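Asks: Below you will find the structure I want to go over with you.
What follows draws every value from the coordinates through simple rules; no lab data is involved. Given the structure is predicted, the values throughout are model-derived calculations rather than measurements. Neighbour counts run over all protein chains shown; Cβ positions are idealised from the backbone, glycine included.
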Amino acid sequence: MKALITGVNGFAGSYLAEALLKANCLVTGLVQPGTSLSNISTIKDRLSLFEVDLLAQDDLNKIISNISVDVVFHLAGASSVKESFEQPGKYFAINVIGSLNLLASLRKSLPKSRIILVASGEVYGESLDSKKKIDENAPLLPKSPYGASKAAMDMLGRIYHKSTGQEIIIARPFNHIGPRQTDVFFVPAVARQIAEIVNKRKPAVIDLGDIEVYRDFTDVRDMVKAYIALAQKGSPGKAYNICSGKRYLLRDIVNELIKLSKTRIEIKIDPARLRKSDIKDIKVDNSLIIKETGWKPTIKIDDSLTDIFKYWLEKTKAV
């Protein structure tokens with residue numbers, strides 16, 4: 001398999017590249033100019049890398065016209081729910097216009113490539129307030145500019161599949177965690193604070209938002225296997241939920257990370273971190289991807305948290 005990964009130097013992109021290289025695939029990666037390559041430092045010599053802004057259509061066209069791949073994994077994008085409220089225009093530009101530019105370039109130069117368009121579980125928004133598990137037929141009712149931008153990308157992907165014949169498969173990943181994830185997200189933010197306490201860099205108090213909510217977490221290493229499974233067995237034009245199918249109370253996640261630290265730590269709820277748009281509970285049906293591809297998550301949450309804590313313990317020690 002010859003694969004193209006947009007955002008190859010990102011959190012999930014780096015793990016996807018590693019998984020594909022392990023399977024003896026040839027991997028080409030697109031990176032946003034000026035972004036760090038630290039996540040792929042150990043494998044970058046085995047990748048064909050190109051710097052390009054997805055908003056620069058002509059530059060993108062030149063690159064796509066000079067490569068040959070079987071499958072495209074579109075992971076590049078802006079991904080912070082909080083920041084999307086502050087810069088909604090940026091999120092629509094990157095996630096919607098950038099995606100449309102990529103689809104246009106692929107249609108022109110690689111019309112037969114299979115495209116995994118990575119949206120988000122955030123597209124469901126208010127639908128997640130349901131007491132029942134939601135499947136891929138639930139209405140897209142996003143509650144943030146980020147979710148709205150991903151919903152637009154999601155819908156446009158299916159429209160383009162029907163109108164152009166491009167083999168576009170929509171992935172709707174829910175929260176995925178692991179080492180290398182930036183600390184703007186909940187689990188690494190908690191792990192970083194606790195690691196700083198262990199390394200004597202801050203008092204034994206962690207500041208958190210609402211932790212009486214449930215989330216579905218999947219290890220990023222399982223998540224990228226799901227993307228590969230969709231590339232191999234997914235049906236073009238369909239959307240697939242990717243998640244563990246399990247609910248985890250955030251307070252329990254925090255307590256497990258504190259337990260790993262073997263340190264007495266006080267939890268302080270910071271009102272500034274509370275968001276009115278937060279969904280209190282998430283129950284998701286992942287049976288479609290399991291049925292059609294055979295994919296199942298295999299990494300236990302405790303193992304994920306252990307690896308994340310070790311990562312931040314080392315990272316904060318080196319600062």
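Asks: Compare the peptides 94-100, 117-123, 292-298 by average per-residue count of other Cβ atoms within 10 angstrom and give them in order, highest first.
Replies: 117-123, 94-100, 292-298
Asks: A further question follows. For Asp45 and Asp303, compute 0.36 nm times the residue count separating them, minus their Cα-Cα distance, and round to one decimal in nm.
Replies: Here the segment from Asp45 to Asp303 would lengthen by 89.9 nm.
Asks: Ok, one more. Under 1.5 on a/c is rounded, so check that first for segment 160-319, then, if it is not, pick prolate when a/b is larger than b/c and oblate when it is not; a ≥ b ≥ c are the square roots of the alpha carbon gyration tensor eigenvalues.
Replies: Details: a/c = 2.46, a/b = 2.02, b/c = 1.22.
Prolate.
Asks: How far apart, in nanometres, would the label points at Ile67 and Ala19 be if each is projected 7 angstrom from Cα along the Cα-to-Cβ direction?
Replies: 1.8
Asks: Once you keep just the Cα pairs under 8 angstrom separated by 6 or more residues, what percentage relative contact order results for segment 43-152? Could you put the intermediate results ahead of the total?
Replies: Details: 133 pairs, mean separation 34.6, N = 110.
Here the relative contact order equals 31 percent.
Asks: Let a ≥ b ≥ c be the square roots of the eigenvalues of the Cα gyration tensor of segment 247-302; is it rounded (a/c under 1.5), or, if not, prolate (a/b larger than b/c) or oblate?
Replies: Cα axes put segment 247-302 in the oblate bin.
Asks: Sticking with this one: So between Lys90 and Arg201, what do we pick up on full extension, going 0.36 nm a residue minus the alpha carbon distance?
Replies: Here the answer is 36.5 nm.
Asks: Shifting gears a bit: Please quote Rg/Rh for segment 159-231 to two decimal places, taking the Kirkwood radius as Rh and restricting both calculations to Cα atoms.
Replies: Radius of gyration relative to Kirkwood radius: 1.18.
Asks: Still on this structure, please answer the following. Using Cα pairs under 8 angstrom and six or more residues apart, how large is the relative contact order of segment 189-295, in percent? Kindly include the intermediate steps, with their values, before the conclusion.
Replies: Numbers: 131 pairs, mean separation 46.6, N = 107.
With pairs under 8 Å counted, the relative contact order is 44 percent.
Asks: Can you report the principal axis dimensions of the chain using only the alpha carbons, biggest first, rounded to whole angstrom?
Replies: Here the spans come out as 58, 45, 38 Å, largest first.
Asks: Another question, if that's okay. Pick out, in residue order, every one of the trypsin sites (Lys or Arg not before Pro) in segment 130-167 that is DSSP loop and has at most 13 other C-beta atoms within 10 Å; say none if there are none.
Replies: For trypsin sites (Lys or Arg not before Pro) across segment 130-167 that sit outside H, G, I, E and B with at most 13 neighbouring Cβ atoms in 10 Å, the list reads Lys131, Lys132.
Asks: Using just the C-alpha positions of segment 104-227 as equal point scatterers, what log10 of I(q)/I(0) does the Debye formula give at each q in 0.21 1/Å?
Replies: Debye output, listed in q order: -1.27.
Asks: Where does the chain land at 222 nm, in deg cm²/dmol rounded to the nearest 500, when only DSSP H runs of n ≥ 4 count, each adding -39500 (n - 2.57), divided by all residues?
Replies: So the helix-based figure for the chain works out to -12000 deg cm²/dmol.
Asks: On full extension of the chain, what length is gained from Lys296 through Ala272, given 0.36 nm per residue of separation minus the C-alpha to C-alpha distance?
Replies: Going from the current span to full extension adds 4.9 nm.
Asks: When only C-alpha pairs under 8 Å and at least 6 residues apart count, what is the relative contact order of the chain, in percent?
Replies: 18
Asks: Taking 45 Å as R0, compute the FRET efficiency from the Cβ-Cβ separation of Ala104 and Asp183 and round it to 0.05.
Replies: My answer for the efficiency is 0.85.
Asks: Only loop residues by DSSP count here, and only those with at most 16 other Cβ atoms within 10 Å; note down the GluC sites (Glu not before Pro) in segment 1-101 that meet that. Write out the running numbers ahead of the final one.
Replies: Values: sites: Glu18, Glu51, Glu83, Glu86; in loops: none.
Passing sites in segment 1-101 do not exist.
Asks: Rounded, prolate or oblate for segment 1-43? Axes are the square roots of the Cα gyration tensor eigenvalues, ordered a ≥ b ≥ c, and the cut-off for rounded is a/c under 1.5. Write down the numbers at each step before the final one.
Replies: Working: a/c = 2.30, a/b = 1.59, b/c = 1.44.
Verdict is prolate for segment 1-43.
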